[in-house]
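The values are calculated or read from the model by the stated rules, or taken from the named source; none is laboratory data. This structure is a prediction, so every number in the text was calculated from the model and none was measured. In this analysis, Cβ positions are derived from the backbone assuming ideal geometry, glycine residues included, and neighbour counts consider all displayed protein chains. In case anyone asks, the SASA skips ligands and DNA or RNA and just uses the protein heavy atoms, side chains included. Shrake-Rupley method; radii C 1.70, N 1.55, O 1.52, S 1.80 Å.
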Amino acid sequence: MGRELFAGVMSGTSLDGIDAVLADLAPAIVTARILASVHVDFPAELRRELFALQVSGPDELVRAARAAQRLAELYAQALRRVCVAAGVPVHDVIAAGVHGQTVRHRPREGWTAQLNSPARVAELTSMTVVADFRMRDIAAGGQGAPLVPAFHAAVFRHPERHRVVANLGGIANVTDLPPSGAVRGFDTGPGNVLLDLWQARSCGAPFDAGGRFAASGAVDAALLAALLAEPYLALPPPKSTGRDLFDAAWLDAVLGRTARAPADVQATLAAFTAASLAAAIREHCVGAQDLLLCGGGVRNGDLVARIRTELPALRVATTDAFGVASEHVEALAFAWLARETIAGRPGNLPAVTGAAGPRILGAIYPR
Ligand SMILES: Nc1ncnc2c1ncn2[C@@H]1O[C@H](COP(=O)(O)OP(=O)(O)O)[C@@H](O)[C@H]1O
Ligand SMILES: [Mg+2]
């Protein structure tokens with residue numbers, strides 16, 4: 001009865017895997033109702049290849065095309081699985097928003113690259129697919145990112161409380177939601193990306209479970225100061241970043257040749273991640289009262305504790321307390337953005353991305 005079913009599929013900069021949701025976005029429903037969700041970890045060989053494709057290498061055009069095909073199969077699988085889990089025939093789904101896998105993000109050069117094969121996803125699922133959400137905003141002079149703030153505003157904005165949403169993905173981004181006035185948002189810097197990198201290097205694990213490794217170390221004040229000197233942090237919004245900047249080469253350049261205990265480096269990277277996020281909120285979200293956290297970083301108890309300590313005046317909670325499970329926010333945002341595109345409405349916020357104006361985002365691949 002009056003359902004408006006949309007699916008969303010996200011695979012973010014952490015390169016951990018795919019998150020998909022199926023949701024009822026009928027306007028009468030205040031908070032989107034998620035009918036089903038799935039997470040699919042990337043197979044090890046695809047994960048290795050996606051990491052390798054983050055930097056230039058031999059035959060990368062062919063390798064990127066092959067990785068895109070493989071991703072499309074996995075996106076389609078995830079979409080079919082959410083439908084089965086919800087008991088919904090694919091034809092009842094109006095459209096699926098499929099973000100793709102970012103391998104480069106160069107808005108200042110006028111482009112960004114998300115590996116995907118939306119035509120293949122449409123063939124494999126018999127769903128209408130909306131994809132390539134970012135390029136239109138960049139073509140209009142914007143950053144193409146972040147795109148989630150319009151969704152955050154629709155779902156989390158409050159008439160009296162000044163809220164800020166922070167997504168702790170590979171990269172961290174915030175959305176400022178004052179009770180009135182413009183919604184702003186930008187990437188603050190690293191989320192999990194440096195923590196994952198250092199964990200892999202020192203322990204061979206994909207992430208620092210619970211932040212226990214970081215919690216076992218001591219912050220190196222000199223290293224923290226060197227990390228905080230990164231010029232991106234001081235740039236005024238609109239701004240967005242990615243693995244193009246915060247990668248192994250960046251970290252090695254800051255670490256230099258000084259020998260340090262691996263746990264102390266991890267503690268310092270966690271302190272850096274929290275401090276860069278908190279500084280951005282203090283400077284650009286003046287008067288904020290509530291901080292709503294989402295993304296995989298909410299499972300890093302050490303990181304969340306550091307964020308709380310940095311921002312003692314804010315009430316900190318995950319988005320679960322506000323109606324959307326923290327691991328579903330991004331995928332749900334792309335379901336919502338697909339709805340906006342299908343409805344012929346713009347999905348970007350020019351005040352966030354810096355685009356010349358509102359634009360209808362993405363390309364539609366009809367079922
Ligand atoms: N139990 C955990 N402890 C610490 N960190 C975790 C845990 N589970 C997930 N993460 C972090 O969350 C990341 C995935 O978060 P996600 O929101 O999917 O990011 P992205 O959107 O960049 O893919 C992982 O790479 C890891 O750093
Ligand atoms: Mg992810």
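I need every pair where a residue in segment 250-277 that is in contact (Cβ under 8 Å) with a residue 12 or more places away in the chain and over 14 Å from A225 (Cα atoms) has its Cβ under 7 Å from the Cβ of a residue that is open to solvent by 20 Å² or more (accessible area, probe 1.4 Å) and of a type in the set (S, T, N, Q), sequence separation at least 6 or different chains.
P262/S202; A263/S216
Six or more apart or on different chains, Cβ under 8 Å: which pairs go from a residue in segment 279-297 that's assigned by TED's automatic domain parsing to the domain that holds G191 and of a type in the set (D, E) to one that's part of a loop (DSSP other than H, G, I, E, B) and open to solvent by 50 Å² or more (accessible area, probe 1.4 Å)? Could you list them?
Once the first residue is assigned by TED's automatic domain parsing to the domain that holds G191 and of a type in the set (D, E) and sits in segment 279-297, its partners that are part of a loop (DSSP other than H, G, I, E, B) and open to solvent by 50 Å² or more (accessible area, probe 1.4 Å) give D290/H158; D290/R161.
Mind checking which residues of segment 175-202 are in a helix (DSSP H, G or I) and either among the polar types (S, T, N, Q) or at pLDDT below 95 (or both)? Please lay out each step first, then the result.
Applying the first criterion (in a helix (DSSP H, G or I)) to segment 175-202 yields 193-202.
Matches in segment 175-202: Q199, S202.
Considering only segment 281-367, give the strands (runs of 3 or more DSSP E) lying wholly within it that have at least 1 residues that are open to solvent by 20 Å² or more (accessible area, probe 1.4 Å).
Numbers: elements: 290-294, 315-318, 363-365.
Here the list reads 315-318, 363-365.
Kindly indicate which of A44, A32, A26 is assigned by TED's automatic domain parsing to the domain that holds V82 and within 29 Å of F207 (Cα to Cα). Show your work before the answer.
Numbers: A32 fails: within 29 Å of F207 (Cα to Cα); A26 fails: within 29 Å of F207 (Cα to Cα).
Unique residue meeting the criteria: A44.
In segment 304-320, is there at least one residue being free of Cβ contacts under 8 Å to residues at least 60 places away in the same chain and in contact with a Lys or Arg (Cβ under 7 Å, 6 or more places away or on another chain)?
Looking through segment 304-320, at least one residue is free of Cβ contacts under 8 Å to residues at least 60 places away in the same chain and in contact with a Lys or Arg (Cβ under 7 Å, 6 or more places away or on another chain).
When only residues in segment 183-217 that are of a type in the set (D, E, K, R) and near ligand 1 (Cβ under 10 Å from one of its atoms) count, which is nearest to F151 (Cα to Cα)? Break it down into steps so the answer makes sense when it comes.
From segment 183-217, those of a type in the set (D, E, K, R) are 184, 187, 196, 201, 208, 212; that's our starting set.
Checking the rest, the ones that are also near ligand 1 (Cβ under 10 Å from one of its atoms) come to 196, 208, 212.
Numbers: D196: 27, D208: 29, R212: 33 Å.
Applying the filter and picking the extreme gives D196.
May I ask you to say which residue of A205, A225 is in the same structural domain as A305 (by TED's automatic domain parsing) and either part of a loop (DSSP other than H, G, I, E, B) or among the basic types (K, R) (or both)? Talk me through it step by step, then tell me what you get.
Values: A225 fails: either part of a loop (DSSP other than H, G, I, E, B) or among the basic types (K, R) (or both).
Exactly one of A205, A225 is in the same structural domain as A305 (by TED's automatic domain parsing) and either part of a loop (DSSP other than H, G, I, E, B) or among the basic types (K, R) (or both), namely A205.
Considering only residues that are free of Cβ contacts under 8 Å to residues at least 24 places away in the same chain and within 27 Å of A355 (Cβ to Cβ), look in segment 208-249 and name the one that is least open to solvent (accessible area, probe 1.4 Å).
Among them, the one singled out is L245.
Listed residues L124, L115; which is touching a Leu at 6+ places or on another chain (Cβ under 7 Å) and open to solvent by 10 Å² or more (accessible area, probe 1.4 Å)? Break it down stepwise before answering.
Working: L124 fails: touching a Leu at 6+ places or on another chain (Cβ under 7 Å).
Unique residue meeting the criteria: L115.
Identify the residue in segment 170-182 that is within 21 Å of R282 (Cβ to Cβ) and open to solvent by less than 30 Å² (accessible area, probe 1.4 Å) and, among all such residues, is nearest to ligand 1 (Cβ to nearest atom).
I171
Considering F51, F42, which residue is within 20 Å of the chain's Cα centre (by Cα), over 30 Å from E4 (Cβ atoms) and crowded, with 18+ Cβ neighbours inside 10 Å? Break it down stepwise before answering.
Values: F51 fails: crowded, with 18+ Cβ neighbours inside 10 Å.
The match here is F42.
Quick one: count up the residues across segment 75-102 that are under 18 Å from P43 (Cβ atoms) and open to solvent by less than 10 Å² (accessible area, probe 1.4 Å).
Here is the first cut: in segment 75-102, the residues under 18 Å from P43 (Cβ atoms) are 75-81, 100-101.
Then drop every residue that is not open to solvent by less than 10 Å² (accessible area, probe 1.4 Å), which leaves 75-76, 78-79, 100-101.
Result for segment 75-102: 6.
Can you name the residue in segment 5-33 that is buried (at least 20 other Cβ atoms within 10 Å of the Cβ) and away from ligand 1 (no atom under 16 Å from the Cβ) and is also farthest from T125 (Cα to Cα) among such residues?
A32
So which residues in segment 166-185 are away from ligand 2 (no atom under 16 Å from the Cβ) and in contact with a helix residue (DSSP H, G or I) (Cβ under 7 Å, 6 or more places away or on another chain), if there are any at all?
Residues of segment 166-185 away from ligand 2 (no atom under 16 Å from the Cβ): 174-185.
Within segment 166-185, V174, T175, D176, L177, A182, V183, R184, G185 qualify.
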